[in-house]
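Here's the structure, in structure tokens; my notes come after.
Since every read-out is calculated from the coordinates, none of them should be taken as a lab result. Treat the numbers as computed from the prediction; the structure is a model and nothing was measured. Cβ atoms come from the backbone with ideal geometry, glycine included; neighbour counts cover every protein chain shown.
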Amino acid sequence: MRVINAYGTETIKTGKLTLAKAQEIVGGYVEVYNHNGKTVLLNEDGRMIGLPYNKTASEILDFTVVGTVVIGDRNERILK
């Protein structure tokens, strides 16, 4: 899975995330999307709390994303 922050820095993670670790990564409550063959975890309140625009993730996913996101393959189980 890929973790992409709003500044374009990307980290590759392996294994499964606990909910607590996923919340730590995205900085709050986790929202899960299945989009274009990918599983996406992002901050549920990101727009409301003013997280910065994530250009890299937005281009990959083809929708507007803010804050740090986790992207995995659709059939990749990200959360424990």
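The figures follow:
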quantity: Protection-proxy order for peptides 46-55, 11-20, each taking the mean of Cβ atoms within 10 Å per residue, highest first; calculated: 46-55, 11-20
quantity: Whole-number D in µm²/s for the chain (Stokes-Einstein; Kirkwood sum over Cα pairs; 25 °C, 0.890 mPa s); calculated: 201 µm²/s
quantity: Full-stretch length increase - ASN34, ARG77 - with 0.36 nm per residue and alpha-carbon distance subtracted; calculated: 14.3 nm
quantity: Three-way shape call for segment 1-41 based on the alpha-carbon gyration tensor, with the a/c threshold at 1.5; calculated: rounded
quantity: Reachable lysines, given that their alpha-carbon falls under 18 Å from the alpha-carbon of LYS21 and they are not under 8 places away in the same chain; calculated: LYS13, LYS80
quantity: For segment 17-32, Karplus couplings with θ = phi - 60° (6.51, -1.76, 1.60), whole Hz, Gly/Pro x; calculated: 9, 6, 4, 4, 5, 4, 5, 5, 5, 7, x, x, 4, 8, 10, 10
quantity: Hz values of 3J(HN,Hα) by residue in segment 2-16 - Karplus curve (6.51, -1.76, 1.60), Gly and Pro given as x; calculated: 10, 10, 10, 8, 5, 9, x, 6, 10, 10, 9, 10, 10, x, 10
